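Chemist: Sending over a structure as structure tokens; questions will come in a sec.
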2 protein chains.
Amino acid sequence: GGVDKAADFANYFCTYAFLYHQKEMLSDRVRMDAYYRSIFRNAKHFLGKTVLDVGTGSGILAIWAAQAGARKVYAVEATVMARHARSLIAGNNVDHIVEVIEGAIEDITIPEKVDIIISEWMGYFLVRESMFDSVIYARDKWLKPTGIMYPSHARMWVAPMRTSLVEHKQQEFQHSMADWGCFLQDTSDHYNVDMSCLSNPYKEEQTKYFLQTSMWNSLYPNQIIGQPVIIKEFDCLTTTMEEVSSVRSSFKLPFHPGHSRLCGFAGWFDVHFKGSPTDPADHEVELTTAPSTDETTHWGQQVFLLHPPLNLQDGDILSCSLDITRSRDNHRLMDVKFVHQLERASGEKTPLITSPYFIE
Amino acid sequence: GGVDKAADFANYFCTYAFLYHQKEMLSDRVRMDAYYRSIFRNAKHFLGKTVLDVGTGSGILAIWAAQAGARKVYAVEATVMARHARSLIAGNNVDHIVEVIEGAIEDITIPEKVDIIISEWMGYFLVRESMFDSVIYARDKWLKPTGIMYPSHARMWVAPMRTSLVEHKQQEFQHSMADWGCFLQDTSDHYNVDMSCLSNPYKEEQTKYFLQTSMWNSLYPNQIIGQPVIIKEFDCLTTTMEEVSSVRSSFKLPFHPGHSRLCGFAGWFDVHFKGSPTDPADHEVELTTAPSTDETTHWGQQVFLLHPPLNLQDGDILSCSLDITRSRDNHRLMDVKFVHQLERASGEKTPLITSPYFIE
Ligand SMILES: Nc1ncnc2c1ncn2[C@@H]1O[C@H](CSCC[C@H](N)C(=O)O)[C@@H](O)[C@H]1O
Ligand SMILES: Nc1ncnc2c1ncn2[C@@H]1O[C@H](CSCC[C@H](N)C(=O)O)[C@@H](O)[C@H]1O
């Protein structure tokens, strides 16, 4: 679509220009350990090689690549964070190896194709932020045919869940609509203006905000009430822009026994560092953002609530199709549509329900 | 400066496109009462006249202007809120008088010059958002030589204050820097990267965030510890873009007796509806956002904290010069500089202190 680049940049990049935000990512132990191990346990990939770090941020991945023996690392960063990266790289004595380039990956050039592209591009539920686009762009332009992607694979997961957030959000919504009622009365009493023709649009706006916007949450594993399913796998070496820009999937969600209520869906992702088919990793590394009691990440999980929740019977299976597309107004956000129905053990099927959501 | 319009629009207008946000303004009783009274107690100004409402939002001021007898009202709104305004205007049976025009005031045209420009353009500390620019632009292009501005005058106020926020923000800042210390250690221990060269930039970033960013606050009158001063007056009929784009002022702040500590400065504004020199209002109306126990507004006051606070002696006067300019990165935000020194009753003066702030 016709994305205005200046507007996109102003909105998207502003947070990444703060050290505070980079520090949050640098303090995510699960994330850091995964990248660190993926590089140093597979140093053979980096030894004497050329590397492109797409969105280097503080420069951390570029520094590790250099420490692991890379001959040359191009570290590209769109924001002014590039300047801090430059000083961090010098402060860690790898400025003879790492070259920082300030600019969007789509706008800059480097003098050669590279052996490895490394990037930490994953957004909430993997696809939020659409930064994978930039990595694919970089791959097609700058990766050697024999090159390796770090990470090499990515998967999106969905699971049925329970949570008290359902009641909480319902209450907030009801409270907001009650407040609107008072507002109507006051405005008519004091200021002679009848606002009632805005009641429906207001309700729509508040419905979207309270009930249809997916939420960040750090779930406990026991809030997952059925077998998680993989709804999409990406091979980072071959995935196209088109495959990334809209994700469609149909799947069945069975429930663990003893659960009588489905509150919604949890979405998360994992990525893997496996090297390439011709040059596989010595030690495959996984970075997962699945619900966990101790290995939590800053990504948490995205939660899509069902209003009202669904009552379950033992043996039910949820048949589900999911559609994730870019939001019309901002290609970095997503519109999500779950269409689902329960299949009873008896073979009976409940009516199809369509639940629209927005990843903001 | 070279402002990118698309980026500016994306950033600035997004909140105004939500009914929720318009409702917050429509629920501000002090604001609403002032505009309502200014119109209906001076209905002679509106009777049979043409009116331009700059930034009509929900359409409220345009509806009142029509109800007060205007012959024609042009209601201009940059965001999609224009559509809700249109329906509200029809719902209140004034759509034969009010014409809604969706677009920025700088981009649209109307078929005639108008008798009155009405607008609610005031941001925090008056000048944040820089919407006054758009009103001045509209005035120079569309107001008849005999025209009237609603409001007609605006003033900026500063007063010395006390608050426990000073300690609170200091603690947050210190906590954040202590946390950075742990982060340095962890990153070096676990990941072999020395982040210490970022300590100064991080400290600067956090200083700006915790100590130098002005804050919204709803102050009690007894937190004001000296005589408020008017630092700037605008006659909306004659003020130029230049006068608005940077505000410079020198003034003296005496303290009420018995206060031993200056924690910072409070800034607020008022506007007046006085009509014009040739057609003065029958009933002048004032809208003030000064600290108050019951007449609070959504604007509150802007608070500029002093770190550390200044110790006062009886009879001290603060001699102060203030400089408010547009921020380089975003012309809707402001850079503020207070340069101040205490003049003791003895005639002795303390050294000049420069305190920079950001209105974000
Ligand atoms: N198209 C693009 N070109 C250059 N940098 C980009 C980009 N899209 C996103 N980025 C940058 O990519 C970074 C992603 S966050 C990851 C930062 C760093 N690699 C780390 O792992 O800690 C952000 O700093 C963001 O500003
Ligand atoms: N340059 C411009 N052109 C048109 N509308 C503008 C504008 N700058 C700001 N606005 C709009 O002006 C409104 C200011 S808020 C005031 C809304 C309404 N007049 C009321 O009093 O309740 C917002 O809706 C904003 O979108």
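The values are calculated or read from the model by the stated rules, or taken from the named source; none is laboratory data. Fair warning: this is a prediction, and the values are worked out from it, not measured in the lab. Neighbour counts run over all protein chains shown; Cβ positions are idealised from the backbone, glycine included. Heavy atoms of the whole protein, side chains included, go into the accessibility calculation; ligands, DNA and RNA do not. Shrake-Rupley method; radii C 1.70, N 1.55, O 1.52, S 1.80 Å.
Chemist: Filter the stretch A:239-258 for residues that are under 28 Å from A:VAL30 (Cβ atoms) and assigned to a loop (DSSP other than H, G, I, E, B); which is most open to solvent (accessible area, probe 1.4 Å)?
Modeler: A:HIS256
Chemist: So, one more: With the requirement that a residue be facing another protein chain (nearest Cβ under 10 Å), surrounded by 15 or more Cβ atoms within 10 Å (Cβ to Cβ) and either among the β-branched types (Val, Ile, Thr) or closer than 30 Å to A:PRO160 by Cβ (or both), what does the stretch A:183-207 give you?
Modeler: Scanning the stretch A:183-207 gives A:THR187, A:VAL193, A:LYS203, A:GLU205, A:GLN206.
Chemist: Residues being assigned to a strand (DSSP E or B), open to solvent by 30 Å² or more (accessible area, probe 1.4 Å) and closer than 22 Å to B:LEU262 by Cα: count how many of those fall in the stretch B:284-308.
Modeler: Going through the stretch B:284-308 one residue at a time, the tally reaches 2.
Chemist: Next up: Which numbered condition in (1) under 25 Å from B:PHE9 (Cα atoms); (2) buried (at least 21 other Cβ atoms within 10 Å of the Cβ); (3) within 15 Å of ligand 2 (Cβ to nearest atom); (4) of a type outside the set (Ser, Thr, Tyr) is the only one that B:ILE116 fails?
Modeler: Among (1) under 25 Å from B:PHE9 (Cα atoms); (2) buried (at least 21 other Cβ atoms within 10 Å of the Cβ); (3) within 15 Å of ligand 2 (Cβ to nearest atom); (4) of a type outside the set (Ser, Thr, Tyr), the lone unmet condition for B:ILE116 is (1).
Chemist: Mind counting the residues in the stretch A:329-360 that are in contact with a Gly (Cβ under 7 Å, 6 or more places away or on another chain) and touching a residue at least 40 places away in the same chain (Cβ under 8 Å)?
Modeler: 1
Chemist: Could you run through the stretch A:332-342 and say how many residues are open to solvent by less than 10 Å² (accessible area, probe 1.4 Å) and modelled with pLDDT of 95 or more?
Modeler: Residues flagged as open to solvent by less than 10 Å² (accessible area, probe 1.4 Å) and modelled with pLDDT of 95 or more within the stretch A:332-342 amount to 4.
Chemist: Checking the structure you have, find out if any residue of the stretch A:224-238 is touching a helix residue (DSSP H, G or I) at 6+ places or on another chain (Cβ under 8 Å) and acidic (Asp, Glu).
Modeler: no
Chemist: For A:LEU19, work out the one condition from (1) more than 10 Å from chain B (Cβ to nearest Cβ); (2) closer than 28 Å to A:ARG332 by Cβ; (3) more than 20 Å from the chain's Cα centre (by Cα) it doesn't fulfil.
Modeler: Here A:LEU19 meets the rest and fails (1).
Chemist: Please state which of the following conditions A:VAL336 fails to meet, knowing it meets all the rest: (1) assigned to a loop (DSSP other than H, G, I, E, B); (2) in contact with a Phe, Trp or Tyr (Cβ under 6 Å, 6 or more places away or on another chain).
Modeler: With respect to (1) assigned to a loop (DSSP other than H, G, I, E, B); (2) in contact with a Phe, Trp or Tyr (Cβ under 6 Å, 6 or more places away or on another chain), A:VAL336 is out only on (1).
Chemist: Something else: In this structure, does A:ASP329 turn out to be of a type in the set (Asp, Glu) and open to solvent by less than 20 Å² (accessible area, probe 1.4 Å)?
Modeler: no
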